[in-house]
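Read through the structure below, which is laid out as structure tokens, and then see the notes.
Quick note: the coordinates plus some simple rules give every number you see, no bench work behind them. Predicted model, so just to flag it, every value in this text is computed and none were measured.
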Amino acid sequence: MNKIFIISLLACLGYGASCQAQLNDYSTYQLAFRKGGKIITIQPGLNAATTSVAHERANQVSQQLIFKRHGDAGMLIASVAAPHKFLKRVKEGDADKVTFAAYDSNHSTDYLWIVHIVIGQTDPIVSTNQGGRMTGLLSAPDDASRAATLQADGSIQMSIIDYSLVDDPHRLYVSKKTSPGDF
């Protein structure tokens, strides 16, 4: 009887350790604009903005994003630095600004995103000095013609995309990261 109890106890401990290891191993993503090398990040005021790759080393956690599938309609994108804040499109005059905000179920469609894979001349995987990166566009599920675009001041807003351009400035590098225990 004691032998069965000890084997069961060891099996439970092994399973618990395995679960804990899985809980501390998260896949996160970086989204960097192909032109200009600017990474989408959450700023101290919880605004969405871009920053250069050099800033990544100083505050890496603010550069990493969590993709959470939301049914068949798209995905929610949260910041590792503030997991309760989600990337959102906000109407300001004629433009849609992109920012981070707490999820509001009354405006759930404003939080949904799709990464449209963009096939370049030969392949959606682009070789960079940091390895292979997938290229795509970040857009709303209901309007693929509008995607997140980099503005001169480093902010992000939704703009109409010309898909005929081979190397347009709105394309993103999507890079998978693994962040054990970051959040």
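The table for this structure:
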read-out	value
Amide H contacts under 5 Å for R34, placed H, 5+ residues apart	R171, L172, Y173
Nonlocal amide H pairs with M134, under 5 Å, H built at 1.01 Å	V126, V174
Distant-in-sequence amide H partners of G154 (H built 1.01 Å from N, under 5 Å)	none
